[in-house]
Each structure stands twice: as structure tokens, then as C-alpha cells.
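Notes follow once the structure below has been shown.
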Amino acid sequence: MCGIVGYSGPNNSVGPIIEGLSRLEYRGYDSAGICLKINNELQILKKEGKLDNLKSLIQEKKPFSHTGIGHTRWATHGAVTADNAHPHGNDLFAVVHNGIIENAGVLKKELQAEGFEFKSQTDSEVFLVLLTKFYLETKNVLLSISKSFSTITGNSAFVIIEKNTDKLYCLKRSAPLVVGDNQQTREAFVSSDPFALVGFAPRIYFPEDSIICESSVSENGVKINFYELDLTPSDRYKIQSNAMSVDTTNKGIYEHFMLKEIHEQPSLIEKIAAYYIKNEGRKILDQIKNFKTSCWHLTACGTAWHAGLVIKNYFEQINRQRASVEIASEFRYKNPIINENEIGLFISQSGETADTLACQELCREKGISSFAIVNVEGSTLFRNADKNFLIHAGVEIGVASTKAFTLQVLTGYLMSRAMSGTLDDPNLFVELKLLSNRVSELCADSEKIKKIAEKIYTQKGFIFTGRGKYFPIALEGALKLKEIAYVHAEGYAAGELKHGPIALIDEEIVNIAVVGPELFEKTISNVEEVKARRGKVVVIGPEKSEELEHLSDFYLGLNFHGLNDLSPLYVNVALQFLSYHIAYLKGTDIDKPRNLAKSVTVE
């Protein structure tokens, strides 16, 4: 969610910090701030709203500092105000924080009773005050960080600077945090996302939980020390080269990142097919050839949960293996029935989704294997999984997921084919290539979808329906429209309309009806029910159908022929375009919709 960037080195820290925060704007935030160490004093600048507001203040002040930390905040505790924005600081320390301190209320009362004062409503300031308290007692920075971190509960990541040195300190618990260095330029970095450090830090360190990282810069280069909470040296971290490209921050010819990422899907479909069928990914899938389990426990959140519903269909229909799909925030608290020889499969674009990580930990405690379908190599989900199936979608900037959903489902499909022993079926690669071609055709001819959007975007509400394998696509289509167009939209199994939702139908409600070749007549009967109650109907179904054209107010004919199990992905791209065009006509912030964050790292 929130973005963190820290810098220490010979240059002005303002430049890399602001550039890093700019790259993390897509994650969602409502205020921004920076703390700079200047002449052994900590100067804090922060503003409500967009990062541009902070940039204007910096332009006015023109500060220069060799060490600093910056933050974009997504409010959890306390309103969106400058006081509640990060960093939080005093005469000794400045702190930025991602996550939630669960016992902050109790600790704050205890600290206030001891005479400590607070300037904000945030839980984050509790850590700053704890740090100050322990430092006044011990005069030892590392010990004070350890004692403060051991006192709080909840998932968090912290970066700390002090007024007496140019060191960067950081540590985390189940929250994203990386450390970077550039020995050539003698610069140290820290961030909540390695993408912020592309072009700055060629080497990235991934510390495990409860490891204190201490970065210092001298004429001899950058030194990074890692300590356990008892302050003994630690080797619980991994090193990786930062090979990502900064080109992903460029929208190119597209007006929005979401539109760009929709258009990237045809090439990514072919890329994932080649990776897992013909190239190095084949070794990963060969490990699960003819694999069987008594039950798959699929857990995820939001769009990834919808991907799990599609993958469940593959596992059950192709492999005849039982699969349950649970919303991660529900699964972790329901005391789930988990037996040995079952498998936990966790789906996340970022690999840092807090609820999904908690489910992964729960399954590990129960002694079952943990598999992950994830986009970010080196993420917490990736590091803690027994087997990883990377989706190779590249950085997804748009908050509303598009290409990641497609690649998550395709990765699950290829896992299913591997388990059935049919990866070498020559028709498989042909089928995937056909999907790529059909999506390309949609991208080239999305104008027809735009024309439908122009006719319906002012309607009061939208009900998406589908049967069988298209039901998860109805759910995902409704979510996409809610996320970026800010209109009421719900997804239903088409057969459920008459069991309640049909009460909503009138001339101001649009039914987006997915009518696949399967269960064709049954689904048409559900559309007839909507028509009989004066609802407007957009039908997405097989092309050149006179019946569908006559039945619908607006008809989008698609070529389903030959796609078989992959047709839900084809339909979903059409719904992505529909949501995009409706949101565009409404004038919303498509790439950074209000109240949303790209990576939800709090529960």
C-alpha cells in the first residue's frame, strides 16, 4: 500500500527519494512527505493529496541533504491530514511506517501516562515514541529499535534515520521491505518495492522478518549490516540483482497504464506459453507431472480470488481433483479443516498481500505444502512457498488488475495440464496462440466496445451474469467496473437472478450477460427474465447469432471457436475494455482509483 524510499550517499537525497516515490504512486496514497537530515537536524516536509503538492513545497524550499526518507501514505489510523502524514519525527529520530500496529491504542495510553506527547492520530507515531523512550534509557540506537519492535504487535515495516549519523535503519514483519546498494557510486537505499530502486541500486537485499538492517556509507563504499533482534549478526537475507526495467513507467502511445496493460496481454500470453511449455519453466511444471492431492486450498483476495475460481474449474474438470477457493481474509479466521497430503495454493500479484500471507503461514503451521502463483520474484509469498509458479506479467502499474489476472489463470491452466500429463499435446500451444490472436483482434477493434459504453455509461447500476466457467468472469467484470468507474456493479451466476437480484431490475439497470456456447439456452432464458422487466441488456456471446442480436439491446459477438477452456479469458478482456471505456467517459482517475491501493499490505 504505502510507498517507502530512503537514501544515503554523496548526492542530494531529494532526487532519488522523490523519483522512487513517483514510481510507487500507482500503489495508492493520500498524502506524501519527506524527512531530510540537514546539519544534524531532521527537517520534515509533508503535504496532503498528490505527490505533486510535496514536489511544489520542495521546489520552494530547495533543500539539500545526503540522507533522507520519504513516504506516500494510505490512511488507516487517523484522517488524511498533514499531521498524520509520514514521516513522523522529533529531535532524535524520524520514522516512516507501512502496516498496522495492533496494540497501538494500549501503548499510546501507557506512553502518555509516562509524560510523552503525540502530534498525530496515527499508530505509526507510537513506534517513534517507543524508540525515543528506549533511546533515552539506553543511548543505543540498535537496542532501542529492537526493544521498540519487540513491544509492538501486527505486520509492519519501518525505516528510521537519526540526527547524529547518516545511517539508514530498517526492519519488518510480514510487510514488504528491501535494501539496495550501489558500491560504485557509494549510495545506500531502502524501499518497500524494488521497482523504486531500478536504475539506482544494482543489488537488492531481501531481509527476512525481524532482521534489523543498518546501512552506512563511507569513502570505502557502502556497508550493510544485518542483526537479529538480540543484536547478533544475521545471515537471514537474500541478495538479488535488480534487473527490472524502468521502461514500465512509460505509458508510450496509451493514455493510461490500464489500457497499455490490456494491450500487452497478447504478447504475454505467448510468452507464458513458451516459458512453461518449451523453455526453462518446463522444468518447474515437470515436477508436478501426474501430481495428485486429496484437496487444493486456493486462497487469494480480490481479482486474484476470481482467478482462483477459474483455476478451481480446471483442477476439478481436467484433473478431477477437489479444490476449494476461499477469500483469504475469511479462510484464516474460520479454523479451516486442513488434512495432511492437501496443498495450499496462494495467488497474489504482489506477493505481499497481508491476508494471503497469513493463510500461507497458517497452512505451513498445519504441515501442508505451500504453492504460490505470484508475479514478484523475491516477494514474501515467493520466499515462503515450497514451489513457485511465476506469472511473468511484468510490473503492473494500473491499480485495477488486468494482465495479472490473465497470467494467473493461464499459469493455473498450465499447472493443470502438467498434472494431467498433456503438456506435450501439440494442440495446447495452438490453443494458446489462438487465444493470443483473438485478444489481439479485440485490442485492434475495441471501438465497437467503446460504442456500447457510450450508450450505457450513465445508467444507475450494472448486473453481470454468467453460467459455469463464465460465472467467475461475471464477478471479475463487475469488480473491474466498480474499481475504476465508481458505479454500483454486481456479479451473479445467471441462474441466481430469480432468487433475489431480479428485484433490482428496471429500466435504469443494465444486465451485462455473458452467454457462452455452453448452457446457451439456459443462459438465454435468464436474459429473457431481465428483458421482461425492462432492464437494458448487453449480451456478450457467440458472433453472428440472430437470436442474441434480437434479444439484446446491445450485442457484442465474439469468436469462441477453438478456445475451449480458455474462452473465459477471452471474454474477460472484452469486459476489461468495457470497464475502461465507461470509466473514461465518466472522467475518473483510471490508473489510480480513489480509496484503492495496488498492494494491500494491511489486514
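Going residue by residue through the stretch 456-477, is there one that turns out to be farther than 29 Å from D591 by Cβ and among the hydrophobic types (A, V, I, L, M, F, W, C)? Write out each step before concluding.
As a first pass, look at the stretch 456-477 and keep what is farther than 29 Å from D591 by Cβ: 467-469.
Those still in the list that are among the hydrophobic types (A, V, I, L, M, F, W, C) too: none.
The answer is no, given that none of the residues of the stretch 456-477 is farther than 29 Å from D591 by Cβ and among the hydrophobic types (A, V, I, L, M, F, W, C).
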Open item on the list: Of everything in the stretch 348-391, what is in contact with a Cys (Cβ under 9 Å, 6 or more places away or on another chain) and farther than 20 Å from A157 by Cβ? Give them in sequence order.
Closed with: S369, S370
- [ ] Could you list all residues from the stretch 175-214 that are surrounded by fewer than 22 Cβ atoms within 10 Å (Cβ to Cβ), over 20 Å from L131 (Cα atoms) and among the polar types (S, T, N, Q)?
- [x] N182, Q183, Q184, T185
- [ ] Specify the residue that is surrounded by the fewest Cβ atoms within 10 Å (Cβ to Cβ); the eligible residues are those in the stretch 317-365 that are hydroxyl-bearing (S, T, Y) and outside any helix (DSSP H, G or I).
- [x] Y333
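So which of A478, A494, A485, A453 is more than 25 Å from L309 (Cβ to Cβ) and aliphatic (A, V, I, L, M)?
Details: A478 fails: more than 25 Å from L309 (Cβ to Cβ); A494 fails: more than 25 Å from L309 (Cβ to Cβ); A485 fails: more than 25 Å from L309 (Cβ to Cβ).
The match here is A453.
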Task: Tally of residues being out of contact with any Asp or Glu (no Cβ under 9 Å at 6 or more places or on another chain) and assigned to a helix (DSSP H, G or I) across the stretch 112-130 - done: 8
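Checking the conditions here, which among A94, A82, A32 is surrounded by 19 or more Cβ atoms within 10 Å (Cβ to Cβ), touching a Lys or Arg at 6+ places or on another chain (Cβ under 7 Å), on the phi < 0 side of the Ramachandran plot and hydrophobic (A, V, I, L, M, F, W, C)? First the steps, then the outcome.
Details: A94 fails: touching a Lys or Arg at 6+ places or on another chain (Cβ under 7 Å); A82 fails: surrounded by 19 or more Cβ atoms within 10 Å (Cβ to Cβ).
One residue alone meets the criteria, A32.
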Open item on the list: I'd like the residue in the stretch 215-234 that is loosely packed, with under 13 Cβ neighbours inside 10 Å and at pLDDT 95 or above and, out of all such residues, is nearest to N140 (Cα to Cα).
Closed with: D230
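Looking at the stretch 178-186, can you tell me whether even one residue there is on the phi > 0 side of the Ramachandran plot, in a loop (DSSP other than H, G, I, E, B) and modelled with pLDDT of 95 or more?
As a first pass, look at the stretch 178-186 and keep what is on the phi > 0 side of the Ramachandran plot: 186.
Right, trim to in a loop (DSSP other than H, G, I, E, B) and you get 186.
Now drop any that are not modelled with pLDDT of 95 or more, which leaves 186.
Looking for residues that are on the phi > 0 side of the Ramachandran plot, in a loop (DSSP other than H, G, I, E, B) and modelled with pLDDT of 95 or more, one finds at least one in the stretch 178-186, hence yes.
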Task: Any chance S401 is touching a residue at least 60 places away in the same chain (Cβ under 8 Å), under 19 Å from S329 (Cβ atoms) and crowded, with 20+ Cβ neighbours inside 10 Å - done: yes
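In the list S350, S370, which residue meets the criterion of being out of contact with any His (no Cβ under 7 Å at 6 or more places or on another chain) and either charged (D, E, K, R) or closer than 24 Å to G180 by Cα (or both)?
Values: S370 fails: either charged (D, E, K, R) or closer than 24 Å to G180 by Cα (or both).
Unique residue meeting the criteria: S350.
Looking only at the stretch 35-50, count how many residues are out of contact with any helix residue (DSSP H, G or I) (no Cβ under 6 Å at 6 or more places or on another chain) and under 24 Å from R594 (Cβ atoms). Reasoning before the result, please.
Within the stretch 35-50, the subset out of contact with any helix residue (DSSP H, G or I) (no Cβ under 6 Å at 6 or more places or on another chain) is 35-44, 46, 48-50.
From the residues that got through so far, the ones that are under 24 Å from R594 (Cβ atoms) too are 46, 48-50.
Qualifying residue count for the region: 4.
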TODO: May I ask you to verify whether K223 is free of Cβ contacts under 8 Å to residues at least 40 places away in the same chain, over 20 Å from T122 (Cβ atoms) and not aromatic (F, W, Y)?
DONE: yes
Open item on the list: So, in the stretch 54-91, exactly how many residues are touching a Gly at 6+ places or on another chain (Cβ under 6 Å) and under 20 Å from L197 (Cβ atoms)?
Closed with: 5
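Being surrounded by 14 or more Cβ atoms within 10 Å (Cβ to Cβ), among the polar types (S, T, N, Q) and under 33 Å from the mean Cα position of the chain (by Cα) narrows it down to one of N559, N526, so name that one.
Values: N526 fails: under 33 Å from the mean Cα position of the chain (by Cα).
Step by step, each of N559, N526 is checked, and only N559 is surrounded by 14 or more Cβ atoms within 10 Å (Cβ to Cβ), among the polar types (S, T, N, Q) and under 33 Å from the mean Cα position of the chain (by Cα).
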TODO: Just give me the residues in the stretch 205-245 being in a strand (DSSP E or B), among the β-branched types (V, I, T) and over 15 Å from V159 (Cβ atoms), in sequence order.
DONE: V217, V222, I239
Task: Test: residue in the stretch 377-386 that is in a loop (DSSP other than H, G, I, E, B), at pLDDT 95 or above and crowded, with 24+ Cβ neighbours inside 10 Å - done: no
- [ ] Residue by residue through the stretch 152-177, note down the ones that are within 29 Å of the chain's Cα centre (by Cα) and either part of a loop (DSSP other than H, G, I, E, B) or more than 25 Å from E41 (Cβ to Cβ) (or both).
- [x] I152, T153, G154, N155, S156, A157, K172, R173, S174, A175, P176, L177
Open item on the list: Just the residues that are among the hydroxyl-bearing types (S, T, Y) and buried (at least 17 other Cβ atoms within 10 Å of the Cβ), please, taken from the stretch 36-75.
Closed with: S65, T67, T72
Open item on the list: For the stretch 326-368, which positions are at pLDDT below 95, among the small types (G, A, S) and more than 19 Å from the chain's Cα centre (by Cα)?
Closed with: G367
- [ ] Identify, by number, the condition in (1) surrounded by fewer than 20 Cβ atoms within 10 Å (Cβ to Cβ); (2) farther than 21 Å from S350 by Cα; (3) touching a Ser or Thr at 6+ places or on another chain (Cβ under 9 Å) that S22 doesn't meet.
- [x] (2)
TODO: Give the residue, chosen from S416, S401, that is farther than 24 Å from A196 by Cβ, of a type in the set (S, T, N, Q), in contact with an Asp or Glu (Cβ under 9 Å, 6 or more places away or on another chain) and not in a strand (DSSP E or B).
DONE: S416
Task: E330 vs. criteria under 24 Å from E208 (Cβ atoms) and acidic (D, E) - done: no
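Would you please name the residue that is farthest from G3 (Cα to Cα), looking only at residues in the stretch 26-48 that are of a type in the set (D, E, K, R) and in contact with a strand residue (DSSP E or B) (Cβ under 7 Å, 6 or more places away or on another chain)?
Filtering the stretch 26-48 for residues of a type in the set (D, E, K, R) gives 27, 30, 37, 41, 46-48.
Adding the requirement that they be in contact with a strand residue (DSSP E or B) (Cβ under 7 Å, 6 or more places away or on another chain) leaves 27, 30, 37, 46-48.
On the way: R27: 7, D30: 11, K37: 20, K46: 14, K47: 15, E48: 15 Å.
Looking at the filtered set, the residue picked out is K37.
The values are calculated or read from the model by the stated rules, or taken from the named source; none is laboratory data. Here the structure is a predicted model, which means the values were calculated and not measured. Note that we place each Cβ from the backbone using ideal geometry, even for glycine, and neighbour counts take in every protein chain shown.
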